[in-house]
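Just below is one structure, and these are the notes that go with it.
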Amino acid sequence: MTREQDFERQLADWLADGPNTAPTKVVDQALEQTAARRQRRGVGRWLVLPLERVGHWFPAHRTARLSALAAVLAGILLTSVVVSVPFLVGSAGPAPTMDEGSPVVVTGTAELDVVDEKPTQVTRVVDIETKDRRIDGQAHQELTVLAQSADTRVLHGTMRLTNAWGSWVGDVDIVTYPSGEEYEYATLGGTKAYEGFTYHYAIYDPSAGTVRTFEGAIWPDEPPAMPEPSLLP
Amino acid sequence: MQLRELVEQAGRGDHEAFAAVVRASAARLYAIAYRILRDADLANDALQEALVKVWDDLPALRDPDRFDAWAARITCRCCYRLAKHERRFALPAPADPEPDTTTFVAQVADQDEMERGFRRLSPEHRAVLVLHYYLGLTLGEVADTLDIPPGTVGSRLHYAVRSLRAALESEARTTEAWERST
């Protein structure tokens with residue numbers, strides 16, 4: 001048996017060790033809750049039942065019946081379009097405000113998902129959750145493995161974070177460890193509504209899960225330059 | 001009566017048929033929820049929420065033969081939702097004070113390390129592991145159950161297995177170092 005198979009068997013055995021019956025109390029509570037609850041019916045059923053009930057209102061002649069039905073459906077369609085257009089057009093809401101003054105600190109979580117991995121190339125999708133709408137969205141990272149040893153892997157690449165009002169685009173640097181720990185740093189420039197702003201973030205989260213906390217800041221224009229090495233203490 | 005017929009009747013609003021469907025499926029759904037969440041209270045909440053949602057949405061299930069996969073998907077989504085809102089989910093398992101070297105205790109330490117490694121994974125990665133290694137579904141079946149592309153299943157499985165192995169190997173290195181130092 002190979003090491004891989006051995007590990008998979010170990011994992012399957014570990015997963016098998018656990019409860020295999022549902023708590024009766026939970027099942028009974030769910031049944032009690034659903035007994036007094038109406039099921040959701042599809043739009044088709046919702047429409048068909050009332051039409052069956054009002055069927056006798058339509059003319060007896062087949063052509064006239066079809067014309068009447070078509071007129072009713074056209075009316076429903078027209079009403080739904082008129083009602084929904086304002087919501088559809090403005091579904092993303094107004095663009096978030098961009099503060100022209102001092103930098104704004106932003107925090108949130110990033111869920112990292114590797115969607116493609118080759119020996120030297122990695123593509124990841126990052127789902128970002130934050131209260132700041134400007135950086136809420138999904139990011140794509142195209143990464144190159146710069147260096148790899150038994151303990152660390154260094155990656156560099158490009159990243160694009162897009163949402164309804166614009167994108168943040170720039171370079172990202174990542175260091176990962178076999179335990180799953182990861183340190184990530186990026187400086188991204190804004191486009192569209194974010195034009196002229198810079199978003200900088202870092203992940204210094206020692207946990208090894210795929211959901212990491214990040215901290216960053218959105219700067220008007222460029223972030224301040226690093227001090228000259230000679231000026232550092 | 002076959003499960004298919006019960007599902008059809010439950011979809012038409014027959015609550016007795018639904019009760020029979022629940023009694024036939026609850027154990028499997030609970031087993032999935034418990035293994036993803038690793039917490040009995042959270043798994044109870046996930047199961048109850050999933051069963052109510054199954055009842056609500058059953059009329060929309062077009063193919064009764066796909067009930068098992070559909071209900072498993074709803075259960076997984078309830079687990080994701082609970083995991084995102086529950087602090088208990090994020091708590092790691094307690095660490096061992098120091099590794100032991102006897103075979104039995106080493107096996108227990110391995111189990112603990114597997115638990116800790118597993119708890120570091122996101123619920124989405126855990127779900128893929130549970131469906132593949134616990135329920136024995138193929139990657140295609142996992143993709144079908146979770147309604148995600150097969151490529152995403154492959155990458156999640158690869159990442160999750162690699163993370164778990166890294167956690168176990170890291171523990172093995174610590175044990176070796178500890179043995180050398182004593």
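The values are calculated or read from the model by the stated rules, or taken from the named source; none is laboratory data. Treat the numbers as computed from the prediction; the structure is a model and nothing was measured. Here the Cβ is made from the backbone with ideal geometry for all residues, glycine too, and neighbour counts use every protein chain on show.
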> If you check A:ARG3 against the conditions, is it modelled with pLDDT under 65, among the charged types (D, E, K, R) and out of contact with any strand residue (DSSP E or B) (no Cβ under 6 Å at 6 or more places or on another chain)?
Replying inline: no
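State yes or no: is B:ASP68 of a type outside the set (Phe, Trp, Tyr), modelled with pLDDT under 80 and either under 20 Å from B:ARG35 (Cα atoms) or surrounded by fewer than 14 Cβ atoms within 10 Å (Cβ to Cβ) (or both)?
Spelling it out, it is not the case that B:ASP68 is of a type outside the set (Phe, Trp, Tyr), modelled with pLDDT under 80 and either under 20 Å from B:ARG35 (Cα atoms) or surrounded by fewer than 14 Cβ atoms within 10 Å (Cβ to Cβ) (or both).
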> Looking only at region B:110-162, which residues are in contact (Cβ under 8 Å) with a residue 40 or more places away in the chain, of a type in the set (Gly, Ala, Ser) and more than 10 Å from chain A (Cβ to nearest Cβ)?
Replying inline: B:ALA127
> Before we move on, is A:ALA16 hydrophobic (A, V, I, L, M, F, W, C) and either surrounded by fewer than 16 Cβ atoms within 10 Å (Cβ to Cβ) or more than 7 Å from every other protein chain (Cβ to nearest Cβ) (or both)?
Replying inline: yes
>> Condition first: without any contact (Cβ under 8 Å) to a residue 12 or more places away in the chain and outside any helix (DSSP H, G or I). Now tell me which residues in region B:1-20 satisfy that.
In response: B:GLN2, B:ASP14
> Which is assigned by TED's automatic domain parsing to the domain that holds B:ILE74 and in contact with a Phe, Trp or Tyr (Cβ under 8 Å, 6 or more places away or on another chain), of B:ILE32, B:ILE36?
Replying inline: B:ILE32
>> I need the full set of residues from region B:27-77 which are more than 11 Å from chain A (Cβ to nearest Cβ) and small (Gly, Ala, Ser), in order please.
In response: B:ALA69, B:ALA71, B:ALA72
>> A:TYR199 - would you say it is aromatic (Phe, Trp, Tyr), assigned to a strand (DSSP E or B) and in contact (Cβ under 8 Å) with a residue 40 or more places away in the chain?
In response: yes
> Mind checking which residues of region A:182-209 are surrounded by 12 or more Cβ atoms within 10 Å (Cβ to Cβ) and at pLDDT below 75?
Replying inline: A:ASP205, A:SER207, A:ALA208, A:GLY209
> Which condition does A:GLN148 not pass, out of (1) within 14 Å of chain B (Cβ to nearest Cβ); (2) farther than 24 Å from B:ARG120 by Cα, if it passes all the others?
Replying inline: (2)
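May I ask you to verify whether A:GLY55 is loosely packed, with under 14 Cβ neighbours inside 10 Å, facing chain B (nearest Cβ under 7 Å) and modelled with pLDDT under 65?
no
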